[in-house]
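Read through the structure below, which is laid out as structure tokens, and then see the notes.
The values are calculated or read from the model by the stated rules, or taken from the named source; none is laboratory data. Only a predicted model underlies this, so the values are computations on that prediction, with no experimental measurement involved. Cβ placement follows ideal geometry from the backbone for every residue including glycine, while neighbour counts extend to all protein chains displayed. Just so you know, the surface numbers come from the protein's heavy atoms only, side chains and all, with ligands and any DNA or RNA stripped out. Shrake-Rupley method; radii C 1.70, N 1.55, O 1.52, S 1.80 Å.
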Amino acid sequence: MKEGTPSRTAAWVAAARGLGMALPAHARIAEDPFGLAFSSPALSALVGRTGSVPAWALTPGLGDFVLYMQVRTRVLDDAVRAFVAAGGRQLVLLGAGYDCRALRLEELRESTVFEVDHPDTQRHKLAVLARLGKDSPSRHLRWNFEADPLGTLPKALTALGHDPNAPTLTLWEGVTMYLTAEALDASVRMIADYSAPGSRLAMTYLHSRRLAEPTWSTRAIAAVVARAGEPWRSGFDPDELHDWMTVRGFGVARDESTADAAARLLPRAYARRVADSTRRVALVARESVAVAQRVP
Ligand SMILES: C[S@@+](CC[C@H](N)C(=O)[O-])C[C@H]1O[C@@H](n2cnc3c(N)ncnc32)[C@H](O)[C@@H]1O
């Protein structure tokens, strides 16, 4: 991240969630009425004035990204709903960015949501929500993953009211690709530290193949995010993820590409546009899972 500047990538993904409002109801599988407020002031003013999201949001390219974000958001929303239905009441959003699940999801009304992010991003998020007149029910932890000692994060969460003896669902959405292999290792061990039995971790990641054998479009996207100060650094091989997680106290319960999730969740004409199988979502559980369910 560029010091003194809120995350640009967080703004882009939030905007894409907001642009999903342009989709017809049968293809809209996740709704984020707050996302556009974190995009450019001109775009959010335009939508505020006209009351609708412009149709160009769905043109090839941008529209494909909007659909990908619909799928990623819905898969993680479903993970939240399943956790709450199973009795879980604590959520940690690591690298929360402009995630407004605490405001969006009715199911979280009885839960405590902890949002951990860089001070610059968090400051901007709270300013935007204040401008919208929204009081976030989340508890906020300002944390610089590059500077603050990771090992002390569980204690900082406890100080905010997190109960390390009760199950926690951690969402790690759109973050793993920006971390080094060492930071991934330290982060998952730290998550295991504050995760009681019954806890889960839902994370998005890039297939390592994408970084090892980049296509021209991967090179282009990687250049854009690097210029924003958030270069892609890491991926995982899905065949190795279960073993990697097991030695760190987690087992993979589900792991699928967003292309497969799209085929499951979206009407076919829209699902076809989420064709990239190197973007993945994994749901891992604190107790090790004997048989991992993975869609190759
Ligand atoms: C792509 S955004 C994802 C945001 C959110 N999870 C989502 O999917 O909408 C990456 C997030 O990582 C955070 N981040 C990047 N570097 C960080 C650092 N050194 N310390 C804390 N947070 C950082 C950014 O502030 C940003 O919110």
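Annotations
- Local electrostatic count, A159, Cβ distance below 13 Å [Lys/Arg +1, Asp/Glu -1]: +2
- Within the accessible surface of the chain, defined with a 1.4 Å probe on protein heavy atoms only, the carbon and sulfur portion equals 55 percent.
- Value in Å of the Kirkwood radius, where the chain supplies the Cα pairs that are averaged: 19.4
- Of all DSSP beta bridges in the range 8-294, antiparallel share, percent nearest 5: 40
- Taking 0.36 nm per residue of separation and subtracting the current Cα-Cα distance, fully stretching the chain between R264 and R227 would add 9.9 nm.
- Computed over neighbours whose Cβ is under 15 Å from that of R248, the net charge equals -3, Lys and Arg +1, Asp and Glu -1.
- The range 100-142 and the range 1-33 have Cα centres lying 15 Å from one another.
- Table column - 3J(HN,Hα) (Hz), the range 110-116, Karplus curve with 6.51, -1.76, 1.60, x for Gly and Pro: 9, 9, 9, 10, 10, 10, 10
- Cβ-placed point charges (K, R +1; D, E -1), dipole of the range 8-294 about Cα centre in debye, nearest 20: 760
- Structural descriptor for the range 33-190: relative contact order 24 percent, calculated from alpha carbon pairs under 8 angstrom and at least 6 residues apart.
- Note on R219 and L62: with the Förster distance fixed at 22 Å, the Cβ-Cβ geometry gives a FRET efficiency of about 0.70.
- When you restrict to C-alpha pairs under 8 Å that are six or more residues apart and normalise by the size of the chain, the relative contact order lands at 18 percent.
- Rolled with a 1.4 Å probe across the full set of protein chains, the surface gives T112 an accessible area near 40 Å².
- Sparse packing (at most 15 other Cβ atoms within 10 Å of the Cβ) combined with a DSSP loop state is found for the following GluC sites (Glu not before Pro) in the range 113-209: E146.
- Estimated from helical segments only, the mean residue ellipticity of the chain at 222 nm is -12500 deg cm²/dmol, where each DSSP H run of four or more residues counts as -39500 (n - 2.57).
- Reachable aspartates and glutamates from K125, criterion Cα separation under 13 angstrom, eight or more residues apart if same chain: D99, E115, D117, D135
- Ranked packing of 161-170, 29-38, most packed first, by mean Cβ within 10 Å: 29-38, 161-170
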